[in-house]
1. With labels modelled as points extended 7 Å from the Cα through the Cβ direction, what inter-label distance (nm, one decimal) is found for residue 149 paired with residue 53?
2. Could you work out Rg/(2.2 N^0.38 Å) for the range 3-203, with Rg from alpha carbons only?
3. Taking Cα centroids, how far is the range 126-203 from the range 1-63 in Å?
4. For the chain, state what percent of all Cα-Cα pairs lands in each successive 10 Å bin, counting from 0 Å until the bin that includes the largest distance.
5. Quote the FRET efficiency, to the nearest 0.05, computed for residue 223 versus residue 61 with a Förster distance R0 of 51 Å and r equal to the Cβ-Cβ distance.
6. Could you work out how far helix 155-168 tilts from the main Cα principal axis of the chain, as a 0 to 90 degree angle to the nearest 10?
7. If you stretched the chain out fully between residue 180 and residue 269, how much longer would it get, using 0.36 nm times the residue separation minus the C-alpha to C-alpha distance?
8. Any idea what angle helix 312-328 forms with the longest principal axis of the chain, computed on alpha-carbon atoms, 0 to 90 degrees, nearest 10?
Ligand SMILES: [Mn+2]
């Protein structure tokens with residue numbers, strides 16, 4: 001391996017940038033999940049321990065069920081302060097995921113951008129990129145960074161990072177959960193992170209109205225050759241009093257069925273525009289080529305998100321056709337799963 005690009009060298013360079021910075025802006029992807037928020041807030045707590053001014057900028061609302069994360073009240077729903085001298089993007093595989101207003105503002109700061117992530121599809125858009133695709137969560141990458149910085153992790157940071165690990169591994173149930181993942185979680189518990197609080201939040205992610213929406217979606221589900229898909233229309237949100245946020249987890253839920261290999265959920269946005277698609281797969285399948293067939297796709301082998309043109313029925317038709325073609329031509333084969341669950 002070229003020493004200039006080895007992870008430890010990049011880690012050294014990144015810690016150098018952080019030590020020199022005073023006011024650090026942290027950004028993450030739109031519609032943040034627990035790993036995005038937990039990693040952002042955890043990193044902010046760690047940087048504050050170092051005496052830095054660290055601010056998480058987020059234009060989106062906080063998802064239902066993540067209100068327990070310590071430090072949420074310090075999130076700033078605005079564009080970064082012009083005095084910012086360093087920006088760190090966490091858990092965002094590419095600039096478009098951060099969202100245009102925020103990413104544009106970040107670029108106009110003309111300060112170094114560090115990217116901290118675990119997505120295999122990360123495009124390396126930062127001046128320095130620390131991307132560990134073998135890690136199950138960005139939270140673990142942040143923990144590695146904190147260890148490299150030699151900063152003590154306080155209970156608030158520990159709970160935030162633990163949330164990232166638990167939610168991204170679906171409570172230690174994904175095939176990328178490895179001994180290192182459990183060691184990271186144990187380390188965070190030792191620093192005062194509350195696994196109980198995180199697990200309670202993990203199990204309690206969905207309000208009843210979301211289950212009603214899921215019921216509707218499951219009734220409409222179609223299955224062909226191990227591929228299961230369903231779609232959620234604006235009318236369904238209206239009838240159940242839900243929002244797009246209430247669809248989080250549905251694609252995984254469908255994938256859990258024994259005879260499903262790939263699941264997809266197509267969603268209209270309440271405000272209209274592009275159709276949002278989440279796809280999930282069992283080990284041995286790589287969905288990244290599917291996501292890359294669409295303009296805004298990204299994710300991991302077994303979990304991708306992308307957008308297709310409306311209307312909903314057309315998005316379903318074109319996506320399933322594309323998926324079946326990629327599958328036929330062997331482009332989704334991932335050989336042996338990298339880490340088997342057995
Ligand atoms: Mn993540």
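1. 1.6
2. Cα Rg divided by the expected 2.2 N^0.38 Å: 0.92.
3. Going from one Cα centre to the other spans 14 Å.
4. 6, 26, 34, 25, 9, 1
5. E(calc), rounded to 0.05, equals 0.90.
6. 30
7. Length gained between residue 180 and residue 269: 28.3 nm.
8. Rounded to the nearest ten degrees, it is 80.
Quick note: the coordinates plus some simple rules give every number you see, no bench work behind them. Predicted, not measured: the structure shown is a model, and the values here were computed from it. As a convention, Cβ positions derive from the backbone with ideal geometry for all residues, glycine included, and neighbour counts pool all protein chains shown.
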